[in-house]
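S.K.: Sharing a structure below in structure tokens format, with a few things to ask.
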Amino acid sequence: MPTLDELSTPLVLVDRTRVAANIRSMQAVCDAHRVELRPHIKTHKMVAVARQQLEAGARGLTCAKLGEAEAMLPSGVRSLFIAHSLVDVRLAPRLAAVAAQVPDLRLAATSEAQVVALAQLAARAGLKATVMMALDTGLGREGVRDLAAAQRLAGQIAASPHLTLAGFYTHEGHFYGVPPADLPAKAAAVVDQIIGVRDAVDRSLPVWPGCSVTARWMAATGRVECVRPGAYVFGDLHLTRVCRVMQPDEAALTVLATVIDRPEPGLALIDAGSKTFSSDRTADGIHGFVTDGRDLAVVRVNEEHGYVRGRDVDALRVGDRLSFEPAHVCTVVNLTDEVVVTEHGQFSTRWPVDARGCTR
Ligand SMILES: Cc1ncc(COP(=O)(O)O)c(C=O)c1O
């Protein structure tokens, strides 16, 4: 086994103990309130992590793309929700193959136009597809905007021989911009909204909100049947420093990078740029923040360069290695073929990113 010191950077490191703790603690909140957990795998894209989530008690998995669903089949998942607007009949053979292996497969019904195409896809795949209706709770992406639209869509689904409505889902991505103090009131309003729509359409159906900012809070209300968070499994600056729903010492994924130059006072360049961190950053412009307590932030990226600034930058020397918590963990994982798993700071193993690049 190599030591971390022997490996070249940039490296994406995953702390095994922290991942396990994040999986356990989200599952514990859900179990305590009898709420199902169906984690979104878009964050980790790894069969190794999906297996841990299922073993801990997750009721199923959520994917964005059909390709992610295919990649997760080796996890043994029996209940899978593809939370994306599928419309392409070319997907039919692949969809049928996934449905043959997953007894409880659910698709997303996101608008009247999409449901026309989805019904054609289901027909071509030879399925009576189970669908979850998307409700928009403020992100302004997919999903019906009001009760009248929800009722119309429910009628359209009921009239289709190829679709069955099984519940409602939401994604509160806009909560990444909600000040922490406002979270309880705003999350309560969303729960009221989605339960109001559900009750008006069909009281027997479940509601499945999904977002790491709101998941614990919503699960703890016991008023929703399921939550579908993704990023909680690793955490990132958005969850620890912006929304403050996780502690910095719960962040399980870091980027290890090397200082490659000190071109001027106040600036260090590292060997990890947008091809490692992605271009995602916090609203105050930070792509990554150092994890050892010093004041060092990646404030700008080119493809293979990160620009590090901060109070402690002038103590850095070429060759120093720094570990950063990224701003947005999901896009970091999607840029690497494998992660290096550590235990107590030492190399433990590698996990492949099985669904890397599975955008189709
Ligand atoms: C449909 C859907 N559900 C759930 C999630 C998980 O949200 P989070 O990344 O906040 O955990 C996402 C994230 O993009 C999503 O798009």
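S.K.: Choose one answer from Val255, Val89, Val301: the residue with the largest mean-square fluctuation in a GNM of the chain with alpha-carbon springs under 10 Å.
M.R.: Val89
S.K.: What residue among Gly230, Gly210, Gly140 shows peak mean-square fluctuation when the chain is described by a Gaussian network model with Cα springs under 10 Å?
M.R.: Greatest mean-square fluctuation among the candidates belongs to Gly140.
S.K.: While we're on this one: Taking only Cα atoms and a 10 Å spring cutoff, compute GNM fluctuations for the chain and point out the largest among Glu325, Glu303, Glu172.
M.R.: The residue that fluctuates most here is Glu303.
S.K.: Considering the dipole of the chain built from charges on the beta carbon (Lys and Arg +1, Asp and Glu -1) around the Cα centre, which of Ile41, Ala69, Thr214 is farthest to its positive end?
M.R.: Highest projection toward the positive end goes to Ala69.
S.K.: How far apart, in nm, are two points set 7 Å out from the Cα along the Cα-to-Cβ line at Ala96 and at Glu6?
M.R.: 5.0 nm
S.K.: Across bins of 10 angstrom width beginning at 0, how are the C-alpha pair distances of the chain distributed, in whole percent?
M.R.: P(r) over the chain, rounded to whole percents: 5, 24, 31, 23, 12, 4, 1.
S.K.: Given a 1.4 Å probe and heavy atoms of the protein chains only, how would you sort Asp249, Asp5, Asp312, largest accessible area at the top? Working shown, then result.
M.R.: On the way: Asp249 105, Asp5 125, Asp312 50 Å².
Ranking Asp249, Asp5, Asp312 by accessible area, largest first, yields Asp5, Asp249, Asp312.
S.K.: As I understand it, the dipole of the chain uses +1 on the Cβ of Lys and Arg and -1 on the Cβ of Asp and Glu, about the Cα centre. Which of Gly60, Ala50, Val201 lies farthest toward its positive end?
M.R.: Val201
S.K.: Could the peptides 64-74, 39-49 be put in order, highest first, of the mean number of other beta-carbon atoms found within 10 Å of their residues?
M.R.: On the way: 64-74: 20.1, 39-49: 25.3.
By packing density, highest mean first, the sequence is 39-49, 64-74.
S.K.: If you don't mind, another one. Could you work out how much longer the chain between Arg59 and Glu264 gets when fully extended? Use 0.36 nm per residue separation minus the Cα distance between them, nm to one decimal. If you can, show how the numbers build up before the last one.
M.R.: Numbers: separation 205, 0.36 × 205 = 73.80 nm, distance 5.30 nm.
Extending this stretch completely gives an extra 68.5 nm.
S.K.: Among Met133, Ala20, Ala315, pick out the residue whose Cα is farthest towards the positive end of the charge dipole of the chain, where Lys and Arg carry +1 and Asp and Glu carry -1 on C-beta, about the Cα centre.
M.R.: Met133
S.K.: With everything on Cα atoms, drop me the angle between helix 16-32 and the longest principal axis of the chain, reported from 0 to 90° to the nearest 10.
M.R.: Compared with the principal axis, the helix lies near 30 degrees.
S.K.: If you stretched the chain out fully between Arg145 and Ala159, how much longer would it get, using 0.36 nm times the residue separation minus the C-alpha to C-alpha distance?
M.R.: On the way: separation 14, 0.36 × 14 = 5.04 nm, distance 2.10 nm.
Here the segment from Arg145 to Ala159 would lengthen by 2.9 nm.
S.K.: Specify the angular offset, from 0 to 90 degrees and rounded to the nearest 10, of the alpha carbon long axis of helix 92-101 from the longest principal axis of the alpha carbons in the chain.
M.R.: Once rounded, the angle reads 90 degrees.
S.K.: Further question on the same structure: Calculate, for Asp182 and Glu303, the FRET efficiency according to 1/(1 + (r/R0)^6) with r their C-beta to C-beta distance and R0 35 Å; round to the nearest 0.05. Display every interim value, and only then the final one.
M.R.: Numbers: r = 37 Å, r/R0 = 1.06.
Efficiency, rounded to the nearest 0.05: 0.40.
S.K.: DSSP loop (so not H, G, I, E, B), at most 13 other Cβ within 10 Å: list which chymotrypsin sites (Phe, Trp or Tyr not before Pro) in the stretch 190-267 pass both filters.
M.R.: Values: sites: Trp217, Tyr232, Phe234; in loops: Phe234.
Sites meeting the loop and neighbour criteria: none at all.
S.K.: Would you mind getting me the FRET efficiency between Ala189 and Gln346? Use the beta-carbon distance for r and R0 = 45 Å, nearest 0.05. Working shown, then result.
M.R.: Details: r = 46 Å, r/R0 = 1.02.
For R0 = 45 Å, the calculated efficiency reads 0.45.
S.K.: With each label point set 7 Å from Cα along the Cα-Cβ vector, what nm distance links Ala315 and Ser25?
M.R.: 2.8 nm
S.K.: Right, another one. In whole angstrom, how long is each semi-axis of the equivalent ellipsoid of the stretch 115-228, when you take the square root of 5 times every eigenvalue of its Cα gyration tensor and sort them from largest down? Working shown, then result.
M.R.: Values: eigenvalues 151, 37, 31 Å².
Over the Cα atoms of the stretch 115-228, the semi-axes work out to 28, 14, 12 Å.
S.K.: Does anyone have the angle between helix 47-56 and the longest principal axis of the chain? Alpha-carbon axes, 0 to 90°, nearest 10?
M.R.: The helix 47-56 is inclined about 60 degrees to the chain.
S.K.: Give, rounded to the nearest 20 debye, the magnitude of the charge dipole that the chain has about its Cα centre when Lys and Arg contribute +1 at Cβ and Asp and Glu contribute -1 at Cβ.
M.R.: Working: 39 positive and 40 negative charges, 224 e Å.
Result for the chain is approximately 1080 debye, rounded to the nearest 20.
The values are calculated or read from the model by the stated rules, or taken from the named source; none is laboratory data. Note that the structure is a prediction, hence the values are computed from the model and not measured. Methodologically, a virtual Cβ is constructed for each residue, glycine included, from the backbone with ideal geometry; neighbour enumeration extends over all protein chains shown. SASA here: full protein model, heavy atoms, side chains in, ligands and nucleic acids out. Shrake-Rupley method; radii C 1.70, N 1.55, O 1.52, S 1.80 Å.
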